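These notes concern the structure reproduced below.
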Amino acid sequence: MSSFEQVYGGSPEAQASAPGRVNLLGEHTDYNDGYVLPIAIPQQTTVAMRRSRQARFSLHAAELHEAVTFTFEKPPTEHFASYVFGCLALVREQGAQIPPLDIHVASDVPIGVGLSSSAALEVATLRCLRELLHLTLDDVQIAQLAQRAEIDYAGVRCGIMDQMASSLADTTRALLLDTRTLERRFVNLPAGASVLVLDSGIARSLAASGYNERRAECEEAARLLGVASLRDIDTVEKLAALPERLKRRARHVVTENARVLAAVNCASAPEFGALMNASHASLRDDYEVSTPGLDTLVALLQAQESVFGARLTGAGFGGACVALCASGAEHDVAQAVLAAYQQAGGSGRQLVPPEA
Ligand code: GLA
């Protein structure tokens, strides 16, 4: 894997990193103005930049072994480059002069499994631009620009959880975020508990279409209920008049918001874990974003004595599962569960804590 120096010769003028995230609770609530509870993962993306001698941008992604060149007039067509291009274009729209740059990206955030590799790339790019050009952007503005880049340039109508988590979270405490007001505070994990993340090995093939479909269903439910968003509904009784499918979608959102608030008010790991298990059941049955493979992996995690609770994490349709696990037992649990998952025909791997 080649470094900035190897690709371009000489050193970068600015360099910045941002982490991926795993969401502990509050799934598919952010685009409904609700509550989320992500935590940063140890894996990070690092972006390095230098003013170029050429009249165009060069972008090299070390892990992808991809190199592209582009200008503002001739944007890149490669998907990964659209995140970087989106950030550059948005900062330029804000009035900054951006000279042609040599850009290098290095990352150990797993791609395409629901751990926000795209948000990490956007936030690291914006942080690096802030440093290089001395921009006055705070961390919330960075998250907001990153979300815009994803919506306008990568074509995903995402909420703001991933970018806020990458920009503001750390790996030791969860970030309770109200996505309507952006009010937030750090919340300790329950005593004696740690985060374990396993990849199901299932590609998230339907993620983009299924995601936008769920979002549209929530908007339709809110419209029928006469509220600005499903955040404004506090009890499931108020959903009675909705058509069956929309009622189930909305019920997930309403109960998921309540689970986040219950989790931050409950100190014990078993209670927190029970809320994660309930979240998975709701995502599987009411929101229908799980898959048989994810259900198998989650059930295997939940059956472990050292696991307090487990669920799919991120948008669903494949990708990673998160468990709250007795601290110190992560590796043993991962080994046992991945072996049983393989027996059941799956092929997973441990993502957090990262294996040495
Ligand atoms: C993706 C989106 C987030 C959020 C989650 C589901 O990660 O980018 O905004 O909606 O799915 O909770």
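How much net charge surrounds Ala336 when only other residues with a Cβ under 13 Å from its Cβ are counted (Lys, Arg +1; Asp, Glu -1)? Combined, the nearby Lys, Arg, Asp and Glu give -3.
The order of Tyr153, Tyr8 by accessible area, most exposed first and with a 1.4 Å probe, is Tyr153, Tyr8. In the elastic network of the chain, a GNM with C-alpha springs shorter than 10 Å, the most mobile of Thr235, Thr45, Thr125 is Thr235. If you sort Asp170, Asp102 by accessible surface, 1.4 Å probe, largest first, the order is Asp170, Asp102. Whose amide H sits under 5 Å from the amide H of Leu25, counting only residues 5 or more places off or on another chain, with H placed in the peptide plane? Residues meeting the amide H criterion: Leu37.
Could you tell me how many degrees, from 0 to 90 and to the nearest 10, lie between the Cα long axis of helix 139-153 and the main elongation axis, the longest principal axis, of the Cα atoms of the chain? For 139-153 against the chain, the angle is about 90 degrees.
Top mean-square fluctuation among Ser167, Ser11, Ser107, Gaussian network model of the chain, C-alpha springs under 10 Å? In this elastic network of the chain, the residue with the biggest mean-square fluctuation among Ser167, Ser11, Ser107 is Ser11.
Given the DSSP H assignment, sum -39500 (n - 2.57) over each helix run of at least 4 residues in the chain and divide by its residue total; what's the result at 222 nm in deg cm²/dmol, nearest 500? Don't skip to the answer; put the middle values down first.
Numbers: 10 runs with 143 residues, N = 356.
Calculated at 222 nm, the ellipticity per residue is -13000 deg cm²/dmol.
Annotation for segment 75-127 versus segment 229-303: alpha-carbon center distance of 33 Å. Between Ser52 and Ala299, the FRET efficiency estimated from the beta carbon spacing at R0 = 35 angstrom works out to 0.10. Give me a comma-separated list of calculated 3J(HN,Hα) values for segment 217-228, in order, Karplus coefficients 6.51, -1.76, 1.60 applied at θ = phi - 60°, integers in Hz, x for any Gly or Pro. Once θ is set to phi - 60°, the couplings for segment 217-228 become 5, 5, 5, 5, 4, 5, 4, 5, 7, x, 10, 5 Hz. Using θ = phi - 60° in the Karplus curve 6.51 cos²θ - 1.76 cosθ + 1.60, the 3J(HN,Hα) couplings for segment 299-306 round to 5, 5, 5, 5, 7, 6, 4, 7 Hz; x is entered for Gly and Pro. Only protein heavy atoms count here; on that basis, with a 1.4 Å probe, His280 has an accessible area of about 10 Å². In this simple spin-label model, placing a label point 7 Å from the Cα along the Cα-to-Cβ direction at both Glu131 and Ala262 gives a separation of 4.3 nm.
The phi torsions of segment 21-27, fed into the Karplus equation with coefficients 6.51, -1.76 and 1.60 and a -60° offset, translate into couplings of 9, 10, 8, 7, 7, x, 9 Hz, rounded to whole numbers, with Gly and Pro shown as x.
The simple spin-label model puts a point 7 Å past each Cα toward its Cβ; for Arg92 and Ser11 those points are separated by 2.9 nm.
The values are calculated or read from the model by the stated rules, or taken from the named source; none is laboratory data. Since the model is a prediction, treat every value here as computed from it, not as a measurement. Glycine also receives a Cβ, built like all others from the backbone with ideal geometry; neighbour counts cover every protein chain displayed. Please note that ligands, DNA and RNA were not included when accessible areas were found on the heavy atoms of the full protein model with its side chains. Shrake-Rupley method; radii C 1.70, N 1.55, O 1.52, S 1.80 Å.
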